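All remarks here apply to the structure that follows.
Values in this text are rule-based calculations from the coordinates and carry no lab data. These figures come from a predicted structure and were not determined experimentally. Here Cβ is always computed from backbone atoms with ideal geometry, including for glycine, and neighbour counts include all displayed protein chains.
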Amino acid sequence: ATLQVAVLRDEFRSVPVNTRVASGETALLECGPPKGTPEPTLIWRKDGNNIDFEQSERLRIVDGGNLMIREVKPSDEGTYQCVAQNLVGQRETPPATLTVHVKPFFSKEPSDVTAVSESAVELECRVGGDPAPKILWRKDDGKMPIGRATITEEKSIRIAHVQPEDEGVYICDASNVVGAITARATLTVHSAPEFVVKPTDATVSLNGIAQFDCVAK
């Protein structure tokens, strides 16, 4: 007769670590179970509860113990542990936190604007994401109307006393730790007519020819 002693070692060959991932991408949490006799079985827990792999097609164990989560959702965020068990008992990895971020997205992109000189214009740029994206406005030629351009609480750009030289493409950049997006809008400025030469009073003799000059821009 052969006597076989059940064994379960303490050391995991690899353990899950805190992981950040963007919503919609794939997350991989590693787990290399300890050696044991009989071969230990693996359980993954989320927030202290055993994961039922039959209830989710997005979650599965790959490469002998790693947890793969496809098309990650914000609801997947939480604390994960890998548990190995056999006749001897069970071993647990330290908990690892999965943080799910959302890439920046536009809820309202800036639109092209046509304005009259000396009026005020506003270009909107509304963005969502987690963490909240940082928004930066710039002009394609680098010549922002300094002193007349302000950023509103809603992160729109407002330009006071618009001038013809303000014409051009304005760019809204939004970024966070998992992504970046860009949108563009064109500002066109029309000026009211302005006289360069105005007609002046003239005195001519009867049947003479009078000439009045008038030049506008």
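Take the Cα of E92, go 7 Å toward its beta carbon, and the backbone nitrogen atoms of the range 44-65 under 11 Å from that spot belong to 45-50. The GluC sites (Glu not before Pro) found in the range 89-158 that occupy coil by DSSP, while having at most 14 further C-beta atoms within 10 Å, are E118, E153, E154.
Each residue in I171, I157 was given a count of other beta-carbon atoms within 10 angstrom of its own, and listing them fewest first yields I171, I157. The distance separating the Cα centre of the range 130-168 from that of the range 40-81 comes to 45 Å. With both residues required to sit in the range 7-101, DSSP beta bridges show an antiparallel share near 85%.
Taking neighbour Cβ counts within 10 Å as the exposure measure, how do K198, K35, K46 sort from fewest upward?
Numbers: K198 10, K35 14, K46 17.
Taking fewest neighbouring Cβ atoms as first place, the list is K198, K35, K46.
Residues L206, L59, arranged from fewest to most other Cβ atoms within 10 angstrom of their Cβ, appear as L206, L59.
Were the residues from V177 through D52 laid out at 0.36 nm apart, the gain over their Cα-Cα distance would be 41.9 nm. Considering all different alpha carbon pairs of the range 1-89, the Kirkwood hydrodynamic radius works out to 14.2 Å.
Pairs of Lys residues in the chain are counted when their Cα atoms are under 27 angstrom apart and they lie 8 or more places apart or on different chains; the count is 20. Take every Cα-Cα pair in the range 109-190 and report what % of them are more than 15 Å apart. Looking at the range 109-190, the distances longer than 15 Å represent 54 percent of pairs. Note that the range 65-72 has calculated 3J(HN,Hα) couplings of x, 5, 9, 10, 10, 8, 6, 4 Hz, one per residue in order, obtained from phi through the Karplus relation 6.51 cos²θ - 1.76 cosθ + 1.60 (θ = phi - 60°); glycine and proline are x. What is the list of residues in the range 27-66 whose amide nitrogen lies under 12 Å from a point 7 angstrom out from the Cα of S14, following Cα to Cβ? Of the residues in the range 27-66, 28-33, 62-66 have backbone N under 12 Å from the label point off S14. Near the amide H of L8, within less than 5 Å, lie the amide hydrogens of T37, all on another chain or at least 5 residues away, with H placed in the peptide plane.
All distinct Cα pairs of the chain go into the 1/r average, and the inverse of that average, the Kirkwood radius, is 23.3 Å. If the chain linking L136 and I43 were pulled fully straight, counting 0.36 nm for each residue of separation and taking away their Cα-Cα distance, it would gain 28.9 nm.
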